There are 2 protein chains.
Amino acid sequence: MSEEPRAVARERVIESMEQSAEVYGLSRSAGRIYGVLYFSEEPRSIPELVDETGYAKSTISNVTRTLARIGLIRRRSSEGGGRRVQYTAEREIWFILQDVFQQYVQRELQTTLRTIQRAEAQLPDDSGAETERIEELRETYEDLQEIVALASDFTVGELRDALESYDR
Amino acid sequence: MSEEPRAVARERVIESMEQSAEVYGLSRSAGRIYGVLYFSEEPRSIPELVDETGYAKSTISNVTRTLARIGLIRRRSSEGGGRRVQYTAEREIWFILQDVFQQYVQRELQTTLRTIQRAEAQLPDDSGAETERIEELRETYEDLQEIVALASDFTVGELRDALESYDR
DNA sequence: CGATTTGTTCGGTCTACTCCGAACAAACGA
DNA sequence: TCGTTTGTTCGGAGTAGACCGAACAAATCG
């Protein structure tokens, strides 16, 4: 069996994905399911994922929905007759990150920024320390928002190049 | 009482910080404690934080330890006689983010990358699909690591400028 | 039309975390 | 020295989330 080292290597990487999933606020099962799909040549249905991961059908159903919503996997409805739903992994990690930046990070920054701006607007002009603190905060958030907006339009290579070639 | 609008504005921003704390994997109490310290002119002791936040002493004690470890607040042991421990907020958000990048994101990327590299090394040269997938993954992680390493050496302004002025 | 396969939904259990209050330790002040 | 203040640690209550199995809906196949 010369397949074994491959299986071992794959398992290691998938375990690492489980761990990463937790860091990014997802469940371990999400990491494993993504990992299995990442290495699958063919799209996988829910029963197949049940076999390959050991998780219950209901878990697979729920987690795939979440993963699809976030954009880590894609749902291909019924290829070739059967009513089976098929899932594929999005393998371009950078695309995923761009999505996360645009959908979540940007949104989070945006709402925070709006709250800060509203608070600032309600304040009389001479309100001492509070005004200063809030102003400072707003400026930082404006910078961050701009940076994320710009970065999420770059490819990985461009981003790396932009940082490497920048001369202070 | 012309202080009220200031108190309201401050409260709004602190509530927003509570929410952000949850997003970043901290507790709501951590957000509020940081918020109160963020707006405090003077350093605050644990009993003072108990008064101003309404949380139990033990909660303040535990959360301040966590916040100090991460670098969001600083611990000044006993200024002016008393044995009181004093806390101040680190107000430069970008410094905090740089710390987080270097301490946590970099580390997480590093360990993942090492796992990938080890898996790749154990694989025979001709192992088909697995090799290709793992190689692809490794390259992405190398890029990401490089980007984070570079970015965490920039100031906010430099980073923004680098992205804005990059010409594709 | 049943029987089977697939996918979703719905309680339920288990675990982890947040926060609290009480007990404790350490240092100071009278 | 004894009482008081401050900070940490510990056990427990309440809560949220992960995952499971069972019940259910929908579609296909004989």
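Remark: label point of B:Gln122 defined 7 Å out from Cα along the Cα-Cβ vector; separations to the same position in other copies 5.7 nm, ascending. Taken along the Cα-to-beta-carbon direction at a fixed 7 Å, the label points for A:Asp161 and B:Phe95 span 3.6 nm. Could you tell me how many degrees, from 0 to 90 and to the nearest 10, lie between the Cα long axis of helix B:128-151 and the main elongation axis, the longest principal axis, of the Cα atoms of chain B? Result, in degrees: 40. Tell me whether the range B:83-168 comes out rounded, prolate or oblate; compute the Cα gyration tensor, take square roots of the eigenvalues as a ≥ b ≥ c, and use a/c under 1.5 as the rounded threshold. It comes out oblate by the Cα gyration axes. In nanometres and ascending order, the distances from the A:Arg107 label point to those of the other copies are 2.9 (point 7 Å from Cα along Cα→Cβ).
For A:Arg168, the point set 7 Å out from Cα toward Cβ sits 2.7 nm from its twins in the other copies, listed from shortest up. Look at where the Cα atoms of the range A:45-114 and of the range B:89-165 average out, and the two centres are 23 Å apart. Here the Karplus curve 6.51 cos²θ - 1.76 cosθ + 1.60, taken at θ = phi - 60°, turns the phi angles of the range B:50-59 into couplings of 4, 4, 7, 10, x, 7, 5, 3, 5, 4 Hz, with x standing for Gly and Pro. Tell me the angle of helix A:156-165 to the major Cα principal axis of chain A, expressed in degrees between 0 and 90 and rounded to the nearest ten. For helix A:156-165, the angle is close to 40 degrees. Give the shape of the range B:4-89 as rounded, prolate or oblate, defined through the alpha-carbon gyration tensor: a ≥ b ≥ c are the square roots of its eigenvalues, a/c under 1.5 means rounded, and otherwise the shape is prolate if a/b is larger than b/c and oblate if not. Cα axes put the range B:4-89 in the oblate bin.
The B-A contact accounts for approximately 5400 Å² of buried accessible area, totalled over both chains at a 1.4 Å probe radius. Axis angle, to the nearest 10 degrees, between helix A:4-23 and the longest C-alpha principal axis of chain A: 30 degrees. The two copies B and A are related by a rotation, and the chain B beta carbon nearest its axis, with distance in whole angstrom, is B:Ala162, 3.
Remark: spin-label model distance B:Ala56-A:Ser58 equals 3.4 nm, labels positioned 7 Å along the Cα→Cβ axis.
The values are calculated or read from the model by the stated rules, or taken from the named source; none is laboratory data. The structure displayed is predicted, hence computed values, not measured ones. Reconstructed Cβ throughout: ideal geometry from the backbone, glycine too, with neighbour counts over all protein chains shown. Ligands, DNA and RNA are excluded from the accessible area calculation, which covers all protein heavy atoms including side chains. Shrake-Rupley method; radii C 1.70, N 1.55, O 1.52, S 1.80 Å.
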